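The values are calculated or read from the model by the stated rules, or taken from the named source; none is laboratory data. Here the structure is a predicted model, which is why all the values come from computation and not from measurement. Ideal geometry is used to build each Cβ from the backbone, glycine not excepted, and the neighbour counts take in all protein chains shown.
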Amino acid sequence: MINTLLVQGIGAIGYSTLALSYYKKKKEQILFMQIIAYIFFTIHYYLLNGITGAICNLIGLVALVVIYIFEKYNLGNKLFISIACMLAIFVINIITFQNLFSIFPIIASIVVIISFLDKNEDNIRVIGVIAALCWLIYAIAYRSYVAIVFEIITLISVLIAYIKNSKKLETK
């Protein structure tokens, strides 16, 4: 019982951090908070034996860290690193493919990396909706109840953040 609560608690921390990240105004802040969230996601899905989810989150974490560093220190074009991470997600997860539901975290992880190649924060939020839907399906399949609840909260949160930030842009 304690182990189950611990696993669900780890997931709750990750999902809460992700939901809050979409309220940040600057891309660097969004990336930083999502790095923290991905650490917790990796641990959460690994403990649930969701290998595809854990691998996608681990590679996504590496991609986010690299992109964050490139953004923060203006190290140049991050396209090559992003493509390498997307290929790694695809290849590693095909090799470790568990079942039909394995497709969803692969899609979610790849679209998230694609979104960070764009400079538009609104695009990041829209991709957040797609990624949340994919992870929701995966969470249902692996009976991660905390993930189900928080993916729904994330969907709502991202939509609210998108609307809120879109209205602010219209008034400027």
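In this structure, Asn77 does not satisfy being on the phi > 0 side of the Ramachandran plot and not in a helix (DSSP H, G or I). Name the residue that is nearest to Leu159 (Cα to Cα), counting only residues in segment 11-33 that are without any contact (Cβ under 8 Å) to a residue 60 or more places away in the chain and of a type in the set (S, T, N, Q). Checked segment 11-33; the qualifying residue nearest to Leu159 (Cα to Cα) is Ser21. For Leu117, the conditions (1) over 20 Å from Trp135 (Cα atoms); (2) over 17 Å from the mean Cα position of the chain (by Cα) are fulfilled apart from (2).
Taking the criterion of being over 17 Å from Leu155 (Cβ atoms), aliphatic (A, V, I, L, M) and out of contact with any Ser or Thr (no Cβ under 6 Å at 6 or more places or on another chain), the residues of segment 103-127 that qualify are Ile103, Ile106, Ile110, Ile114. Just one of the listed residues (Ser166, Ser115, Ser157) is on the phi < 0 side of the Ramachandran plot, hydroxyl-bearing (Ser, Thr, Tyr) and surrounded by 22 or more Cβ atoms within 10 Å (Cβ to Cβ), and it is Ser157. The set of residues in segment 21-48 being at pLDDT 90 or above and either surrounded by fewer than 23 Cβ atoms within 10 Å (Cβ to Cβ) or in contact with a Cys (Cβ under 6 Å, 6 or more places away or on another chain) (or both) consists of Met33, Ile36, Ile39, Phe40, Thr42, Ile43, Tyr46, Leu47, Leu48.
Only residues that are more than 12 Å from the chain's Cα centre (by Cα) and part of a helix (DSSP H, G or I): list them for segment 37-54, please. Within segment 37-54, Ile43, His44, Tyr45, Tyr46, Leu47, Ile51, Thr52 qualify.
For segment 132-172, taking the residues that are part of a loop (DSSP other than H, G, I, E, B) and modelled with pLDDT of 85 or more, the one that is farthest from Ala12 (Cα to Cα) is identified as Tyr142. The test for being β-branched (Val, Ile, Thr), without any contact (Cβ under 8 Å) to a residue 40 or more places away in the chain and under 20 Å from Ala141 (Cα atoms) does not hold for Ile51.
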